[in-house]
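The values are calculated or read from the model by the stated rules, or taken from the named source; none is laboratory data. Just so we're clear, the structure is a prediction, and the values are computed from it rather than from any experiment. Quick reminder, even Gly has a Cβ in these numbers, built from the backbone with ideal geometry, and neighbours come from all protein chains shown. All accessible areas refer to the heavy atoms of the entire protein, side chains included, with ligands and DNA or RNA removed. Shrake-Rupley method; radii C 1.70, N 1.55, O 1.52, S 1.80 Å.
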Amino acid sequence: ERGSAFLAVEVAPDPELDGTDDDGDPLPAPWIQFAEDTFNLDVADDELAALESFLDEYPDFRIDAMERPEDADGTNVRVTARSDANRLAGFVDEAFRRVYGREEGYRLWVTQI
């Protein structure tokens, strides 16, 4: 059981942006999770650089932790965000567009667990 609501946001897979596995199937699409005041996301090295640059525009947000598991490519990043709901939602949209390269009008699935 979780002690609080947990929000999961995922975009539709795009083989051109996300790549494919050896069988030609799309790799998992980028996702962002949010609970209380913390975003959680996985990024590749170039995406991490984009995230760090993009966060300069969000002074209420800061990278709180980064983990680079040996058995995974990329970095898991936790971003602490103390802001209103509109700013939080704007961050999610901008992150998918600027960090993960999604075009305007991308499809987004949002689930609360």
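Relative to the longest principal axis of the Cα atoms of the chain, the long axis of helix 85-94 makes an angle of roughly 20 degrees. Once the chain from residue 16 to residue 49 is taken as fully extended at 0.36 nm per residue, the excess over their C-alpha distance is 9.8 nm. Spatial offset of region 1-52 relative to region 62-113 amounts to 7 Å, using the alpha carbon center of each. Multiplying the residue separation of residue 72 and residue 35 by 0.36 nm and subtracting their alpha-carbon distance yields 11.0 nm. Looking at the chain, the pairs of alpha carbons with a distance over 21 Å make up 37% of the total. Ranked by the mean number of other Cβ atoms within 10 Å per residue, highest first, peptides 50-60, 15-25 order as 50-60, 15-25. The calculated 222 nm mean residue ellipticity attributable to helices in the chain amounts to -5500 deg cm²/dmol, summing -39500 (n - 2.57) over DSSP H runs of n ≥ 4 and dividing by all residues. For residue 54, the shell of other residues with beta-carbons less than 11 Å away shows a net charge of -3, using +1 for Lys and Arg and -1 for Asp and Glu.
Once the Cα-Cα distance is subtracted from the 0.36 nm per residue extended length, the residue 25 to residue 82 segment shows a gain of 16.7 nm. Charging the Cβ of each Asp and Glu at -1 and of each Lys and Arg at +1, and nothing else, the dipole of the chain about its Cα centre rounds to 660 debye.
In loop segments of region 49-113 as defined by DSSP, the trypsin sites (Lys or Arg not before Pro) with at most 15 further C-beta atoms inside 10 Å of their C-beta are 82, 107. Counting only protein heavy atoms and a 1.4 Å probe, the chain has 64 square angstrom of accessible area per residue. Helix 45-54 sits at what angle to the longest principal axis of the chain, using alpha carbons and giving 0 to 90 degrees rounded to 10? With rounding to tens, the tilt is 30 degrees. For the chain, averaging the sequence separation of C-alpha pairs within contact (under 8 Å, six or more residues apart) and dividing by the residue count gives a relative contact order of 32 percent.
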